[in-house]
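**Q** The structure follows.
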Amino acid sequence: MKRVHQMPFGAEVLSDGVRFRIWAPSVERIGLSLEGPETFKVLPMDAAGDGWFEIKTGDARPGSRYRFVLENGLHVPDPASRFNPADVHSASMVVDPAAFDWQDDDWKGRPWEDAVIYELHVGTFSPEGTFAGVERRLDYLRHLGVTALELMPVADFPGRRNWGYDGVLQFAPDSSYGAPSDLKRLVQAAHKRGLMIFLDVVYNHFGPDGNYLHTYAKPFFTERHHTPWGAAINLDGPHNRVVRNFFIHNALYWLEEFNFDGLRFDAVQALIDDSDVRFLTEMSTAIRSHPGLKRPVHLVLENDDNEAKLLGEHSGQTGSFDAQWNDDAHHALHTLLTGETDGYYGDYSSTPVQRLGRALTEGFSYQGEPSPFRDGRLRGEPSGHLRPTAFVAFLQNHDQIGNRAFGDRLVHLAQPDALRAAVAILLLAPSVPLLFMGEEWGVHEPFPFFCDFYGELAQKVVAGRRGEFARFERFREQAARESIPDPGADATFESARLDWTALERPNHEAWLDLYRSLLQIRADHIAPRLRDMRGGGRYAVEGNLLEADWTLGDGARLHLIANLSATAKERVAPPRGRILYSSATGLEPAAKVWALPSWTVIWALKDDHV
């Protein structure tokens, strides 16, 4: 089977050569440079109107290297390059997507309610640091009990190492991970094992090194709006149609040409858009109207604004998104586990159990209330009408680990019994759980921020990174800030690489057994009942005792009791229904009241049909 996404720009392989097309409204002329090992041939491109230039030539073929030549002599890569083998400043390569013969025709996708997501960074997940390295560990992930991989961004970034959020060639998988065919083989291999695979995409900015768009396509950006990265992407000004199409085609490209099962959209609150039809709505509609008509395609947001209106009450609804990463649930759990109150954790420190209960049963904890961290700005929208699967919950992810000064994980910050309680809540709640690579065996490796810049930019990144923590008490002194790892150092990157030999050590095996057993309970008793749920649940809090319950899609009632404190809780009424999981032993089933030890979590299911 062949999978090709047709694009109005970039390099398209024809029967008699290649068509090249680029939008360059800020220049009068542009040329195509065909680059061989020893020779260069520059061909003038024809102006096609509205800033477009194109050329069809029989001198190029799959594998040909090329760049575009500006009036000032600057050679730039194709912004729609499918592959840049020698990094972002070098020549692009013509790729024929029809050359890959797909063997996963029988893959029909999986429903969103099945999702248990495993987020990973390709470069540090395996010793190889490649797409092939991930592929070799797919059987491990399947046996763990996850149903979906989520790759951190793979769009070509400068250098050999990066989180992926500094990508500048949005259509080209980074060559340090492998060729486009290697990524396609990974997707295909995941499908053969029944695993979905999602991709994290970044449409709110380009990285600071290797983005040449400002030299020949200035209208790609706008000074009308600004983001933390500078001038915003132009989504609502003159020429926004071309800009919107660029990103919409990018999303369709990953879904159609690489057969990904879904996308996670990074920090969409930075997609500033005052137009009548929001870019996000247009993006979702385009996806639902094309690949989404043929198979399940899942769309997930990261959105600090907590906009419930973007989330469809029914998965797959045109113009909406399936789910959002739920920072509220994470922040409440993290505050409970660590006692930290710095930064945004301060918004959860006074009533963390209350905040957690609301996030588990109603989606957002902040649904229009003022956020002290945001200087009293109202945050969020009512979300209790949405199903729990409209929210992705997590204890750890790349941001929540990597944005710490040393990238330290929860095993170093929380007591083991408290962390086990949080894991039991995460994996059995009706919301979609997400794990970050290695957490399931309690890895000790940190996940610090790393990149591969050079010169003045590298120095600015180090200074900026250390300056971010100057307001924290422990980093007020210069010497303390200098202990924060240099993001550009090889050692910082290598410190994040998972040590797979640790799986053989007893403590790590115990963590892995816990995750596997909980995910098996989820697969057997909870996930099959999530479809057709209507709305969220209810919760009650007494001190640090949390009770919550949900009516599942088949009418069964799921009930949670959790003592989220270091002291025992006396005289607690037992849950209704049969026990699915209990971290406490010796509780008498027939007793009218129970005394719950510290950090106890109990899940029960009441099903009148059984």
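**Q** Please work out the C-alpha center-to-center distance from the range 578-606 to the range 407-471 and express it in whole Å.
**A** First find each Cα centre; the distance between them is then 32 Å.
**Q** Using modelled backbone amide H atoms (1.01 Å from N, in-plane), which distant-in-sequence or interchain residues come within less than 5 Å of ALA172's amide H?
**A** ASP156
**Q** Now, a different point. Using only the alpha carbons of the range 188-331, what is the convex hull's orientation-averaged projected area in square nanometres?
**A** Projected over every direction and averaged, the Cα hull of the range 188-331 covers 10.1 nm².
**Q** Compute the FRET efficiency between ARG19 and HIS290 as 1/(1 + (r/R0)^6), taking r as their Cβ-Cβ distance and R0 = 25 Å, and round to the nearest 0.05.
**A** 0.70
**Q** THR600's amide H: which non-local residues (gap 5+, or another chain) put their own amide H closer than 5 Å, with H modeled 1.01 Å from N in plane and none for Pro or chain starts?
**A** Those lying under 5 Å, H to H, from THR600 are ASN563, SER565.
**Q** For each pair in LYS309/LYS606; LYS218/LYS460; LYS41/LYS218; LYS184/LYS294; LYS569/LYS592; LYS2/LYS294, compute the distance between the two Cα atoms and list the pairs where it is over 23 Å.
**A** Cα-Cα > 23 Å for LYS309/LYS606; LYS218/LYS460; LYS41/LYS218; rest within.
**Q** Right, something else. Note the listed values (1) 0.98; (2) 1.24; (3) 1.07, then indicate which one is Rg/Rh (Cα atoms, Kirkwood Rh) calculated from this particular structure.
**A** (1)
**Q** Applying 1/(1 + (r/R0)^6) with R0 = 30 Å to the Cβ-Cβ distance of LYS192 and LYS56, what FRET efficiency is obtained, to the nearest 0.05?
**A** With R0 = 30 Å, the Cβ-Cβ based efficiency is 0.20.
**Q** Pop out the ³J(HN,Hα) list for the range 547-562 in order, Karplus 6.51 cos²θ - 1.76 cosθ + 1.60 with θ = phi - 60°, rounded to Hz; leave Gly and Pro as x.
**A** Going residue by residue, I get 10, 8, 8, 9, 8, 7, x, 9, x, 5, 10, 9, 10, 10, 10, 9 Hz, with x marking Gly and Pro.
**Q** Moving to a separate point now. Regarding the range 10-99, what whole-number volume in Å³ per residue does the convex hull of its Cα atoms give?
**A** Taking the convex hull of the Cα positions in the range 10-99, it is 96 Å³ per residue.
**Q** To the nearest 20 debye, what charge dipole does the chain have about its Cα centre, counting +1 at the Cβ of each Lys and Arg and -1 at the Cβ of each Asp and Glu?
**A** For this selection, approximately 960 debye.
**Q** Among 240-246, 327-333, 565-571, 528-534, how do they line up from the highest to the lowest mean number of other beta-carbon atoms within 10 Å?
**A** 327-333, 240-246, 528-534, 565-571
**Q** Separate question: Once each part is reduced to its C-alpha centroid, what is the distance from the range 110-164 to the range 270-340 in angstrom?
**A** Cα centroid of the range 110-164 versus Cα centroid of the range 270-340: 21 Å apart.
**Q** Among 147-160, 360-373, 194-207, how do they line up by average Cβ neighbours within 10 Å per residue, starting with the highest?
**A** 147-160, 194-207, 360-373
**Q** Report the FRET efficiency, 1/(1 + (r/R0)^6), for SER33 and GLN103, where r is their Cβ-Cβ distance and R0 is 51 Å, rounded to 0.05.
**A** Once the sixth-power term is evaluated, E becomes 0.90.
**Q** Magnitude of the Cβ-charge dipole of the range 537-606, K/R +1 and D/E -1, about the Cα centre, nearest 20 debye?
**A** 140 debye
**Q** Output needed for the range 61-171: three equivalent-ellipsoid semi-axes, defined as square roots of 5 times the C-alpha gyration tensor eigenvalues, in descending order, whole Å.
**A** Values for the range 61-171, descending: 32, 18, 13 Å.
**Q** Same structure, new question: If amide hydrogens are placed 1.01 Å from N in the peptide plane, which non-local residues have theirs closer than 5 Å to the one on ASP304?
**A** VAL268, GLN269
**Q** Across the range 587-602, in residue order, what do the Karplus-derived ³J(HN,Hα) couplings come to in whole Hz, using 6.51 cos²θ - 1.76 cosθ + 1.60 with θ = phi - 60° and x for Gly and Pro?
**A** So the Karplus estimates, Gly and Pro as x, are 7, 7, x, 8, 5, 7, 9, 10, 9, 8, x, 4, 6, 8, 10, 10 Hz.
FYI, it's all coordinate maths here, none of it is from the lab. This is a predicted model, so every value here is computed, not measured. Because the Cβ atoms are built from the backbone with ideal geometry, glycine has one as well, and the counts that use them run over all protein chains shown.
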